[in-house]
Amino acid sequence: MALVLTEEQAMIRDAADGFFRDAAPPAAFRKLRDAKDATGFDRDLWRQMAEQGFAGVLVPEAHGGAGLGFVAAGLIQEAVGRNLTLSPLLSTAILAASALVAGGTEEQRAQYLPQIASGERLFALAADEQARHAPHAIATTAEASGNGFKLNGCKTFVLDGHVADTLIVAARTDDGITLFLVDAKAPGVATERTIMVDQRNAAEVTLTDVQVDGADVLGGVGGGAALLDRILDAGRACLAAELLGVSQQSFDTTIDYLKQREQFGQKIGSFQALQHRAAHLFCEVELARSATLRALQALDAGEDRAPMFVSLAKAKAGDVAKLASNEGVQMHGGIGMTDDYDIGFYMKRARAAGETFGDAGFHGDRLARLMGY
Amino acid sequence: MSDTLDAFRIETRAWLEANCPAEMRTPVARDSDVCWGGRNAKLSGPQRAWLDAMGAKGWTVPEWPAAYGGGGLSKDEAKVLASEMRRLGARSPLSSFGIWMLGPALLKYGSEAQKLEHLPKIARGEIRWCQGYSEPGAGSDLASLRTSAVLDGDEYVVNGQKVWTSYADKADWIFCLVRTHPDAPKHLGISFLLFDMASPGVTTSPIRLISGASPFCQTFFDDVRVPAANLMGEAGKGWDIAKYLLTHEREMIGAMDFSAGGRDSVSQIAARTIGLDGEVLGDPILRTDIVRHEIDAWAFGLTMERVKDQAKAGQGVGALSSMLKYYGTELNKQRQELLMSVGGSDSLQWEGDDGDQSRSWLRSRANSIEGGTSEINLNIIAKRVLQLPGA
């Protein structure tokens, strides 16, 4: 497959760019932050995103979605990254939709997928239990109980956990890891929102004797590890796209600044010390773009090597976003450290999104293992 | 895939099977395995047979027009040919600065007579070219070159000195930047001349490098008489041609070790040399360095692919040759540093076959100097792509 966007994808990119620039620019992010908004995002914006087909980007048309695939989802996430848009896109439209498409029963898909596409139900993936991403290190237990299971354990870094209607919980059963769809309001579920450096929603979720039905198993008992990897890979590839947007916007903003700011009687962009760093950064952003597009295409094509491309993209895009935003702050000088300027927001988001579902170290290790070393 | 392309593949496969000698289906192991052609080429029987067969079909330059000795293939057909050659493990029949550098410039700027005279001989490997660009006082500041060419009747008289002329001692002809207008601003006084290295007054002297090899020469011109008809393009407009040619040179150098395809990755070599401890490389610190390198190398390879695909789709990406040159050569140096570490004391050997690694390492250090240093290419990206102001 050629590493270029199809005409349809180029239209989706233009539509997403225009939508988020108008409806959810960095100024909107700042406003929500300053208001200490309890929801953490704008529900009206989420409704509009559903109308645009963004919420249903991965939901098949048969279930009321747009069925556009991962490249399209990545393009939307890239626009989100450029604009720092707050929304449940990742947790609901990407992670939960991928989970249900890949692992849901006919009944589960019919029930939940249309609600994802319409934006009416929010999901959260409750997988991580450690501060450093280690998705298979799960201590939460699911013991057989009645005609279902009883869940006990603690989950951390549950994105959008405090607003979710339904949690996707990874727990240990006798024969491995199993995923469960859990009503967030079920007795025994306690959710505590944590405020993070990038203002994204995350929560600590404690499960105490939470009773779930056998019909709420997602992807078969004991079959959760492989499914969890697929869900995470969908999220990682789209996070790589968001990180690409963060990089590109940091880079563009910084280049503009280099062309405006004067010191020593000349534009600082004329100084070779800055020019070479900017030119190097340009190359790095292009590399992140290539790796990200390839990963998204690999997911769309269902390639066996998709996990390798995903880890490549997440590692590279994460490192580049850190570099681009760090260099952005440095090249802005003093004002780059001020809250008035947006560049600091990008540095915070690069750090958080880079950490989410594995940083460059995690994915470098995974890539090396997949390649046999 | 279309039926005609399918038919072309079948035909090509059969022709390659029939015409590629068995000896030419093994990996290139030493310098003498690379065929450079030229009047004085010392080729083995199979090398000669392979070059002649491919040259006769124009498949040494698949996409050049047939009228100039090329294969006249479309981009898609050329891709098929390349993939069929890979399938067979076939070596490139001809390595040539004529193909990589001069050819594209001749096609764009050469007169019809010049194209007809030179391109077919390049395609068949009959004439080996060298590049007369750098001078002792004109390295990164190439446009300050001083080799002079003065018109005398219908001949130019060339005097001056070039340096870092790759394989000048083995080349038949030179494409050479000369100053024809000494009073014009430095970029506007340069012309592009083609002439025979056997002309009276041309002498070469190899330069011994830190790798022990001498691929580069000093080249001296002492009243060399060159027919005025050998001027390519207009007098005084040689800098445009020089820059155009450099973009091809940079793409070539940047891509050199990534287009090869079949070459082992650092991790494969490390796994063989160092061995695994369970599922992971026995040296965990080196493993981290290697995976960081391979992430970049892989992302770079994908970027080269994307650039090609975008060009095919008519989406130009400006000054990319500088990006490919800069990043590709820095990666290759990093690869060689890692291979030195992987080999440990073995890679410090200097003589015999074991000495190859240390010499490759030393050779690679030139990658980010030749054809425009990394710093010059960063300058170009800053100015042409990012449009940052001049100092």
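The values are calculated or read from the model by the stated rules, or taken from the named source; none is laboratory data. Predicted, not measured: the structure shown is a model, and the values here were computed from it. Note: ideal-geometry Cβ built from the backbone for every residue, glycine included; neighbour counts use all protein chains shown. Note: areas computed on protein heavy atoms with side chains; ligands, DNA, RNA excluded. Shrake-Rupley method; radii C 1.70, N 1.55, O 1.52, S 1.80 Å.
From the list A:Ala10, A:Ala16, pick out the single residue that is part of a helix (DSSP H, G or I), among the hydrophobic types (A, V, I, L, M, F, W, C) and crowded, with 19+ Cβ neighbours inside 10 Å.
Details: A:Ala10 fails: crowded, with 19+ Cβ neighbours inside 10 Å.
None of the other options fit; the residue is A:Ala16.
Every residue, every condition in (1) open to solvent by 30 Å² or more (accessible area, probe 1.4 Å); (2) within 30 Å of B:Pro215 (Cα to Cα); (3) not in a helix (DSSP H, G or I), yes or no:
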{"residue": "B:Phe8", "(1), (2), (3)": "no, no, no"}
{"residue": "B:Trp15", "(1), (2), (3)": "yes, no, no"}
{"residue": "B:Met24", "(1), (2), (3)": "no, yes, no"}
{"residue": "B:Ala29", "(1), (2), (3)": "yes, yes, yes"}
{"residue": "B:Arg39", "(1), (2), (3)": "yes, yes, yes"}
{"residue": "B:Leu51", "(1), (2), (3)": "no, yes, no"}
{"residue": "B:Thr60", "(1), (2), (3)": "no, yes, yes"}
{"residue": "B:Ala78", "(1), (2), (3)": "no, no, no"}
{"residue": "B:Leu81", "(1), (2), (3)": "no, no, no"}
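Candidates A:Thr173, A:Thr156: the one that is touching a residue at least 40 places away in the same chain (Cβ under 8 Å), open to solvent by less than 50 Å² (accessible area, probe 1.4 Å) and in contact with a Gly (Cβ under 8 Å, 6 or more places away or on another chain) is A:Thr173.
Note on the range B:336-391: among residues that are acidic (Asp, Glu) and open to solvent by less than 90 Å² (accessible area, probe 1.4 Å), the one that is nearest to the chain's Cα centre (by Cα) is B:Glu370.
Please verify whether the range A:328-345 includes one or more residues that are closer than 29 Å to A:Ala2 by Cβ, more than 9 Å from chain B (Cβ to nearest Cβ), buried (at least 24 other Cβ atoms within 10 Å of the Cβ) and in contact (Cβ under 8 Å) with a residue 60 or more places away in the chain. Scanning the range A:328-345, I find no residue that is closer than 29 Å to A:Ala2 by Cβ, more than 9 Å from chain B (Cβ to nearest Cβ), buried (at least 24 other Cβ atoms within 10 Å of the Cβ) and in contact (Cβ under 8 Å) with a residue 60 or more places away in the chain, so the answer is no. If you filter the range B:143-180 down to residues that are open to solvent by 50 Å² or more (accessible area, probe 1.4 Å) and touching a helix residue (DSSP H, G or I) at 6+ places or on another chain (Cβ under 7 Å), you find that the one that is farthest from B:Gln114 (Cα to Cα) is B:Leu151. Could you tell me whether any residue of the range A:246-254 is in contact (Cβ under 8 Å) with a residue 40 or more places away in the chain, out of contact with any Cys (no Cβ under 9 Å at 6 or more places or on another chain) and charged (D, E, K, R)? No. Just wondering, is there one or more residues in the range B:369-384 that are in contact with a Ser or Thr (Cβ under 7 Å, 6 or more places away or on another chain), over 26 Å from A:Ala360 (Cβ atoms) and assigned to a loop (DSSP other than H, G, I, E, B)? Yes, because at least one residue in the range B:369-384 is in contact with a Ser or Thr (Cβ under 7 Å, 6 or more places away or on another chain), over 26 Å from A:Ala360 (Cβ atoms) and assigned to a loop (DSSP other than H, G, I, E, B).
Residues to consider are B:Phe216, B:Phe221; find the one that is in contact with a Gly (Cβ under 6 Å, 6 or more places away or on another chain) and either without any contact (Cβ under 8 Å) to a residue 12 or more places away in the chain or crowded, with 19+ Cβ neighbours inside 10 Å (or both).
B:Phe221
Yes or no, residue by residue, for (1) on the phi < 0 side of the Ramachandran plot; (2) out of contact with any Ser or Thr (no Cβ under 8 Å at 6 or more places or on another chain); (3) outside the structural domain of B:Ser199 (by TED's automatic domain parsing):
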position: B:Ala105; (1), (2), (3): yes, yes, yes
position: B:Glu135; (1), (2), (3): yes, no, no
position: B:Ser140; (1), (2), (3): yes, no, no
position: B:Ser144; (1), (2), (3): yes, yes, no
position: B:Tyr156; (1), (2), (3): yes, no, no
position: B:Gly160; (1), (2), (3): no, no, no
position: B:Val163; (1), (2), (3): yes, no, no
position: B:Ser166; (1), (2), (3): yes, yes, no
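Condition check ((1) facing another protein chain (nearest Cβ under 8 Å); (2) within 22 Å of the chain's Cα centre (by Cα); (3) open to solvent by less than 60 Å² (accessible area, probe 1.4 Å)) across all residues:
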{"site": "B:Ala235", "(1), (2), (3)": "no, no, yes"}
{"site": "B:Val266", "(1), (2), (3)": "no, no, yes"}
{"site": "B:Ile269", "(1), (2), (3)": "no, no, yes"}
{"site": "B:Gly301", "(1), (2), (3)": "no, yes, yes"}
{"site": "B:Gly314", "(1), (2), (3)": "no, no, no"}
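Restricting attention to the range A:189-200, the residues that are closer than 11 Å to A:Val212 by Cβ and surrounded by fewer than 15 Cβ atoms within 10 Å (Cβ to Cβ) add up to 0. Within the range A:264-279, the only residue that satisfies the criterion of being in a helix (DSSP H, G or I) and more than 10 Å from chain B (Cβ to nearest Cβ) is A:Ala273. Across the range B:143-159, the number of residues qualifying as farther than 16 Å from B:Ala184 by Cβ and not in a strand (DSSP E or B) comes to 2. Applying the criterion of being within 12 Å of B:Ile253 (Cα to Cα) and among the aliphatic types (A, V, I, L, M) to the residues of the range B:356-391, the residue that is nearest to the other protein chains (Cβ to nearest Cβ) is B:Ile369. Say we look at the range A:271-300 and pick out the residues that are free of Cβ contacts under 8 Å to residues at least 24 places away in the same chain and open to solvent by 10 Å² or more (accessible area, probe 1.4 Å); which of these is nearest to the chain's Cα centre (by Cα)? Among them, the one singled out is A:Glu286. Put simply, of A:Arg294, A:Arg261 the only residue that is touching a strand residue (DSSP E or B) at 6+ places or on another chain (Cβ under 8 Å) and within 14 Å of chain B (Cβ to nearest Cβ) is A:Arg261. Figure legend. Inter-residue proximity from the range A:301-312: first residues surrounded by fewer than 18 Cβ atoms within 10 Å (Cβ to Cβ), second residues not in a helix (DSSP H, G or I), beta-carbon distance below 9 Å, spacing 6+ or different chains. Indicated pairs: A:Ala301/A:Met1. Residue-level check: of (1) within 24 Å of B:Leu245 (Cβ to Cβ); (2) more than 10 Å from chain A (Cβ to nearest Cβ); (3) at pLDDT 95 or above, B:Lys325 misses just (3). Checking each residue in the range A:346-373 for being among the hydrophobic types (A, V, I, L, M, F, W, C) and within 11 Å of chain B (Cβ to nearest Cβ) picks out A:Ala360, A:Leu367, A:Ala368, A:Leu370, A:Met371. Close contacts from the range B:276-290, counting a first residue that is more than 8 Å from chain A (Cβ to nearest Cβ) and a second that is part of a helix (DSSP H, G or I) and open to solvent by less than 80 Å² (accessible area, probe 1.4 Å), with Cβ to Cβ under 8 Å and a gap of 6+ residues or different chains, come to B:Asp283/B:Ala270; B:Leu286/B:Ala270; B:Leu286/B:Leu338; B:Leu286/B:Ser341; B:Leu286/B:Val342; B:Asp289/B:Leu338; B:Asp289/B:Ser341.
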